[in-house]
1. Would you point out which residue out of 306, 325 is part of a loop (DSSP other than H, G, I, E, B) and touching a strand residue (DSSP E or B) at 6+ places or on another chain (Cβ under 9 Å)?
2. If residue 226 passes every condition in (1) within 30 Å of residue 296 (Cβ to Cβ); (2) modelled with pLDDT under 80 but one, which one does it miss?
3. Within the stretch 266-302, take every residue that is within 12 Å of residue 348 (Cβ to Cβ) and in contact with a helix residue (DSSP H, G or I) (Cβ under 7 Å, 6 or more places away or on another chain) and give me the one that is surrounded by the fewest Cβ atoms within 10 Å (Cβ to Cβ).
4. Of the residues 176, 121, 89, which is at pLDDT below 85, part of a helix (DSSP H, G or I) and within 54 Å of the chain's Cα centre (by Cα)?
5. Have a look at 377, 364 and point out the one that is under 37 Å from the mean Cα position of the chain (by Cα), assigned to a helix (DSSP H, G or I) and either within 20 Å of residue 269 (Cα to Cα) or touching a residue at least 40 places away in the same chain (Cβ under 8 Å) (or both).
6. Please go through the stretch 328-361 and pick out each residue that is at pLDDT 90 or above, assigned to a loop (DSSP other than H, G, I, E, B) and more than 39 Å from the chain's Cα centre (by Cα).
């Protein structure tokens with residue numbers, strides 16, 4: 001359910017009505033205190049005109065300023081209640097902190113109750129007017145004349161016209177605005193949530209772009225430096241390294257050259273990026289390093305987030321293989337974890353130097369976790385732990401995707 005807006009603060013521009021530029025009270029939530037007293041001040045001149053006109057007509061007829069003031073005072077009370085009484089009851093309901101469905105019912109009942117109170121006050125003013133007229137005629141006992149039973153038109157004029165006026169000025173339109181405002185607020189909240197999600201996605205995409213850029217420079221510089229040395233000493237090995245580098249750039253550059261973030265990829269594409277990278281590293285490092293990829297061919301066309309896996313592979317080489325002398329290897333494996341929600345697990349394991357202080361808390365892994373949270377919520381995870389025979393194992397789990 002959409003969050004309730006602060007009832008005493010002005011409404012967002014896309015929730016307030018267009019008329020709020022003219023009628024200032026419409027800038028505030030309907031049936032809030034800020035809305036009520038501003039609305040009352042707006043309609044107070046109308047109430048004053050009605051009261052003065054009522055008192056003035058009677059005063060002119062009976063030639064009595066005291067009776068004119070008395071009747072005007074009574075008429076003013078009725079007029080003020082007419083425009084502000086029912087809405088005042090609705091304001092009290094609105095501030096009671098009730099459940100929204102109950103609040104809606106009671107708001108409508110408050111406006112209806114305000115109408116019947118207005119009817120009673122109107123009869124009270126009429127009675128007071130009759131008493132003043134009796135006093136003017138010198139009657140000791142004032143007996144109201146017997147009125148004939150009203151016909152259909154009479155009933156319409158007696159109830160429908162006052163009800164229509166009350167609907168226009170006493171709170172009927174305000175009830176309609178109250179429901180429209182709640183609907184507009186829900187739409188506003190949904191827009192804000194979409195914008196926040198889009199902002200979070202843009203921020204995560206920016207971090208991923210940075211991560212993508214981080215994958216390339218030091219790897220390219222180191223590889224080119226190695227090629228310079230290999231060209232002189234081992235030209236055949238240099239040629240193999242250059243071929244492997246071209247394969248790697250061919251796999252990665254289409255996604256990097258336009259500066260945009262590929263929203264989704266396939267496991268096959270990401271594996272090709274990892275394989276070409278590992279092949280370059282195998283030639284660069286030499287015979288002491290090897291790698292293996294164990295991914296079922298049936299998984300190849302599964303959708304998979306871009307450039308997450310290569311970051312794990314690069315970490316395995318950088319923190320595991322390059323820091324340990326002697327033979328080392330990296331293994332990439334994929335498997336299906338059967339559960340209530342099937343998971344695709346991709347693990348990157350190495351038998352290198354193992355975990356050291358600070359490994360696992362870097363920007364790259366933080367970006368991957370942020371991407372997983374944005375794309376899959378709590379359904380995805382990334383773990384990093386030491387291997388049983390040394391080295392480290394990074395395991396990335398996402399909901400098992402549909403075939404692309």
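1. Residue meeting the stated conditions: 306.
2. Of (1) within 30 Å of residue 296 (Cβ to Cβ); (2) modelled with pLDDT under 80, only one is false for residue 226: (1).
3. Filtering the stretch 266-302 for residues that are within 12 Å of residue 348 (Cβ to Cβ) and in contact with a helix residue (DSSP H, G or I) (Cβ under 7 Å, 6 or more places away or on another chain), the one surrounded by the fewest Cβ atoms within 10 Å (Cβ to Cβ) comes out as 293.
4. Exactly one residue qualifies, and that residue is 121.
5. 364
6. 351
The values are calculated or read from the model by the stated rules, or taken from the named source; none is laboratory data. What you are looking at is a predicted structure, and each value in this text was computed from that prediction instead of being measured. Glycine gets a Cβ as well: all are built from the backbone with ideal geometry, and neighbour counts include every protein chain shown.
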